[in-house]
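Working notes, beginning with the structure itself.
The values are calculated or read from the model by the stated rules, or taken from the named source; none is laboratory data. What you see is a predicted model; the values in this text were computed from it and never measured. Quick reminder, even Gly has a Cβ in these numbers, built from the backbone with ideal geometry, and neighbours come from all protein chains shown.
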């Protein structure tokens with residue numbers, strides 16, 4: 001990855017930084033940090049600068065933890081969906097067996113009413129499973145999308161936290 005020289009403008013102070021993000025991304029990160037700092041300032045006007053930055057960092061860390069937990073929950077749901085999809089493989093195999101059975105039935109001159117009823121019931125169940133499979137497949141795609149979006153948000157928040165930590169270190173050196 002290339003290191004880019006970018007400027008982070010936090011609370012009307014510019015910081016020249018090297019990193020892998022471009023200036024547009026850094027502007028978004030800086031705006032997010034400014035918003036967080038402003039929220040903390042507005043919530044308690046007697047806090048000093050270091051305490052405001054510390055609380056802002058803690059708020060970002062809390063957001064990251066919450067998003068990480070959400071991702072883990074979504075991953076677990078996907079694992080559960082994957083297990084259900086594996087069960088759908090059994091349904092597909094049953095369908096193939098059903099089609100084979102139908103072929104044998106076509107060649108046979110005598111089909112019992114019981115066999116016809118079982119076939120119809122199996123086809124109905126198959127249609128239900130097919131619909132369930134389609135619904136699960138849509139949900140899995142959405143979960144994968146949600147995980148990717150959450151991962152991007154976590155990376156963004158981690159970058160913001162990193163930048164906040166740099167700012168705190170700079171402020172502590174002052």
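Structure data summary
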| read-out | value |
| --- | --- |
| Positions within region 128-174 being more than 30 Å from residue 19 (Cα to Cα) and more than 19 Å from the chain's Cα centre (by Cα), in sequence order | 128, 129, 130, 131, 132, 133, 134 |
| Condition check for residue 54: part of a helix (DSSP H, G or I), closer than 18 Å to residue 158 by Cβ and touching a helix residue (DSSP H, G or I) at 6+ places or on another chain (Cβ under 6 Å) | no |
| Unique residue being touching a residue at least 40 places away in the same chain (Cβ under 8 Å) and touching a strand residue (DSSP E or B) at 6+ places or on another chain (Cβ under 9 Å) when the list is 156, 163 | 163 |
| Residues located in region 1-16, provided they are surrounded by 14 or more Cβ atoms within 10 Å (Cβ to Cβ) and under 20 Å from residue 56 (Cα atoms) | 8, 9, 10, 11, 15 |
| Matching option when the condition is at pLDDT 90 or above, touching a helix residue (DSSP H, G or I) at 6+ places or on another chain (Cβ under 8 Å), part of a helix (DSSP H, G or I) and under 30 Å from residue 66 (Cβ atoms), among 159, 137 | 159 |
| From the options 26, 36, residue that is in a helix (DSSP H, G or I) and touching a strand residue (DSSP E or B) at 6+ places or on another chain (Cβ under 7 Å) | 26 |
| Top-ranked residue of region 81-103 - restricted to ones that are without any contact (Cβ under 8 Å) to a residue 12 or more places away in the chain and surrounded by 11 or more Cβ atoms within 10 Å (Cβ to Cβ), ranked as farthest from residue 141 (Cα to Cα) | 97 |
| Any hit, region 107-127, residues being under 33 Å from the mean Cα position of the chain (by Cα), exposed (fewer than 15 other Cβ atoms within 10 Å of the Cβ), in a helix (DSSP H, G or I) and modelled with pLDDT of 85 or more | yes |
| Enumeration of residues in region 129-143 that are within 21 Å of residue 72 (Cβ to Cβ) and surrounded by 13 or more Cβ atoms within 10 Å (Cβ to Cβ) | 136, 139, 140, 143 |
